[in-house]
Every structure is written in structure tokens, then in C-alpha cells.
Amino acid sequence: MIKNLRNYCFLLALSLLTMNCGSEEEVDTEPVVEDTACYFTREVFTNPTTGQTRTREFVYGNDRLEVINETTNFPTATTLNLVAEYDAQGRVSRTVTLQNGREMQYYTFEYDNQSLLRKINLFADRNGTLGLNSSMELEYNAQKQITTSKNYFLLGSAPLLTNDITYTYDANGNMIRSREYRILSFRGAEVLADVVINMQYTHDDKINPHYRVPYLQYTYPNTMAITLSKNNSVSVVSSTSTEGTQKGPGTLDLRPFNYSRTFTHSYSDKNWPLTRNGADGTSTTYTYICE
């Protein structure tokens with residue numbers, strides 16, 4: 001998935017050498033700066049509060065990401081192998097989650113005639129076999145930014161919209177706000193509890209590696225928000241509302257959806273983050289290979 005995940009050119013403006021014909025004095029120019037393409041080789045997340053450590057190792061071949069080997073020690077020691085498959089156009093067509101060689105689940109991906117990802121289908125365990133569980137549908141604006149994400153649960157008598165998210169962007173290409181309608185509990189087609197989650201983001205001015213290599217869209221689609229901004233988030237505020245709900249949350253605990261978090265980063269000389277540290281003590285370290 002190296003070049004295939006997001007096949008954009010990130011070429012900075014080049015300074016042009018100009019000459020003054022009436023002078024022999026050399027004109028000072030800014031150095032030519034070229035954007036560097038880097039790709040994940042390792043990502044380590046730690047949470048000292050829970051004792052969790054999660055490591056992802058990235059394996060490339062044929063100029064694309066083929067496997068992510070993920071190990072975690074929380075809540076139990078687990079190793080997963082996330083394997084990517086591609087279609088004839090070089091687009092991700094399927095990702096399979098393996099544990100001890102056994103298929104645990106897989107996603108399939110559908111594209112439009114512009115190769116924009118439009119639908120993500122989750123196949124999960126259904127009575128010992130993997131069957132279609134849910135589908136996520138994506139919509140875009142003229143800038144080819146994801147503006148809506150709708151997730152449908154498909155095991156009932158009719159599709160049930162369980163998550164409906166809208167995204168708003170600033171002029172810098174960063175997703176600064178999202179609004180999610182989420183069903184928290186349901187029985188058949190009946191909604192038992194629901195809530196609206198509003199999130200706001202601010203960003204630095206450095207390269208977001210998850211935007212450049214958005215592997216989370218293909219392996220953990222529910223966390224794709226981190227892949228939508230060109231720069232790294234430095235603050236996240238989440239709050240809940242009952243506006244637009246059918247039943248409201250009832251007695252369910254909404255504290256996990258109401259929080260404010262801040263992050264600091266250290267960067268390489270190429271403006272890629274090397275560490276991401278949360279004020280809550282969590283940390284993520286990144287290792288890359290760069291061209």
C-alpha cells in the first residue's frame with residue numbers, strides 16, 4: 001500500500017533563480033525543498049494507566065504494504081496479522097485479520113469510477129462462519145475529502161443505521177469538527193438508547209503520517225478520523241448531546257464520550273512525527289523508512 005493507499009503528489013513550491021541583467025551580483029535564493037515520502041515500519045502505543053502496549057510492524061513488498069503484524073498485551077497477550085489484498089488497479093480489495101493462522105474477520109472495499117472508496121463491508125463470525133455483518137458507506141466533497149460516513153448493521157430484518165457521521169474541514173485540509181449520531185443499544189429494529197457525539201480538533205503544521213499512509217481506513221475503519229487531516233491533531237474535545245436522538249442515552253454512562261485531550265509531538269528533520277505524547281500519559285512512537 002505504499003503508493004497505492006494515497007496516490008497523491010506532495011511537491012512543495014520550487015524557488016526560481018532570477019537574474020538582474022544590470023548587475024553582476026548574485027541573487028540569493030531559497031533552497032529547493034522537496035517533500036519526502038516516508039512509510040511506517042513500526043508504531044508503538046503505550047498506556048501507563050492500563051499497562052497496555054501495542055506494537056504494529058509493517059511489511060512491504062512490490063511497492064505496497066502487504067502485512068501488519070500487531071501484538072498487544074492488554075487485556076490478554078494477542079498477536080494479529082492484518083493482510084492486505086489488491087485488485088488489478090492496485091487498490092486495496094480486501095484485508096484479512098488472522099490470529100494463529102485462522103481468519104477472524106475480513107473487510108472488502110468497493111470503489112467508484114474515480115477510484116474513491118465508497119463502501120466498506122465487514123464479514124465477521126456468524127455461527128462459526130464469516131458472514132456479512134455491517135457496511136459503511138462514504139460520501140465526498142469536490143476536494144475528495146470524506147464528508148459523511150454511515151454504518152449499517154445488516155443482521156436484522158432490515159439494515160439499521162447505527163452510526164451517522166458528518167465531517168467538516170478547514171482551508172488547510174484538516175478535519176476540525178465531526179458530528180456523530182450513534183445508536184448505543186437496540187433490539188431488532190427498535191432503538192433503545194442513542195446519543196449525538198460532537199468532536200472538535202486543532203492541529204499542528206507538520207505531516208500527519210496517518211493521512212499519507214491511511215492504513216487504518218482499511219484495517220480499523222471505525223478509527224478513520226485520524227486519517228482525514230493533513231496535519232496532526234494537538235487537541236481533541238468530545239461532548240455529547242441528545243439533540244436529534246430518538247430515545248436518548250437513558251442511564252448509560254456517557255463519561256467515555258465527554259473529554260478534553262491534548263497532545264505534543266517531536267519531529268524528524270523531515271517534519272514527520274517521531275513521538276506523540278498525550279497529557280494523560282499515553283504515548284506513541286513512530287519509525288519510518290523514507291525515500
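Every number here is computed from the coordinates shown, using simple stated rules; none is lab data. All figures in this text were calculated on a predicted structure; none of them were measured in a lab. So basically every Cβ, Gly included, is an ideal-geometry build from the backbone, and we count neighbours across all protein chains shown.
The phi-based Karplus calculation (6.51 cos²θ - 1.76 cosθ + 1.60; θ = phi - 60°) puts the 3J(HN,Hα) values of the range 86-95 at 10, 8, 5, 8, x, 8, 5, 9, 7, 10 Hz, whole numbers, x for Gly and Pro.
Subtracting the Cα-Cα distance of THR49 and ARG255 from 0.36 nm times their residue separation leaves 72.5 nm of extension gain. Placing R0 at 35 angstrom, the Cβ-Cβ distance between GLN105 and THR264 gives a FRET efficiency of 0.50 after rounding to 0.05.
Place a point 7 Å from Cα of TYR86 in the direction of its Cβ. Which residues in the range 204-241 have their backbone N less than 15 Å from it? 213-215, by backbone N distance to the label point.
Please compute the Kirkwood hydrodynamic radius of the range 38-290 from all pairs of different C-alpha atoms, in Å with one decimal. Let's see the in-between values first.
On the way: mean 1/r = 0.0507 Å⁻¹.
The answer is 19.7 Å.
Given R₀ = 51 Å, what would the calculated FRET efficiency be for ALA77 paired with LYS247, taking r from the Cβ atoms and rounding to 0.05? Numbers along the way, then the final one.
Numbers: r = 39 Å, r/R0 = 0.76.
My answer for the efficiency is 0.85.
Computed from backbone phi with θ = phi - 60° and the Karplus coefficients 6.51, -1.76 and 1.60, the 3J(HN,Hα) list for the range 191-201 is 7, 9, 7, 8, 7, 10, 10, 10, 10, 10, 10 Hz; x is used for glycine and proline.
Note down the net charge around ARG42, summing +1 for each Lys or Arg and -1 for each Asp or Glu among other residues with Cβ under 13 Å from its Cβ.
Details: positive: ARG54, ARG56; negative: GLU43, GLU57, GLU70.
Surrounding charge for ARG42 is -1.
Put in line by how crowded their Cβ is, counting other Cβ atoms within 10 Å and starting with the fewest, ARG255, ARG182, ARG118 read ARG255, ARG118, ARG182. Here the contact order of the range 38-290, divided by its residue count and restricted to Cα pairs under 8 Å and six or more residues apart, works out to 14 percent.
In a simple Cβ point-charge model (Lys, Arg +1; Asp, Glu -1; nothing else charged), the range 152-228 has a dipole of about 100 debye relative to its Cα centre. Can you find, among THR242, PHE45, ILE176, the residue farthest towards the positive end of the dipole of the chain? Put +1 on the C-beta of Lys and Arg, -1 on that of Asp and Glu. Working it through, the farthest residue towards the positive pole turns out to be THR242. Tell me the net charge near TYR267. Cut-off is 13 Å between Cβ atoms, TYR267 excluded, with +1 for each Lys or Arg and -1 for each Asp or Glu. Charge balance near TYR267 sits at 0.
What is the sum of charges, Lys and Arg at +1 and Asp and Glu at -1, for the other residues whose Cβ falls under 15 Å from the Cβ of GLN200? Don't jump to the answer; show the numbers that get you there.
Details: positive: ARG177, ARG179, ARG261; negative: ASP170, GLU180.
Net of charged neighbours comes to +1.
Since only SER157, LEU274, TYR60 are under comparison, the one whose Cα sits farthest along the positive direction of the charge dipole of the range 38-290, derived from C-beta charges on Lys, Arg, Asp and Glu, is LEU274.
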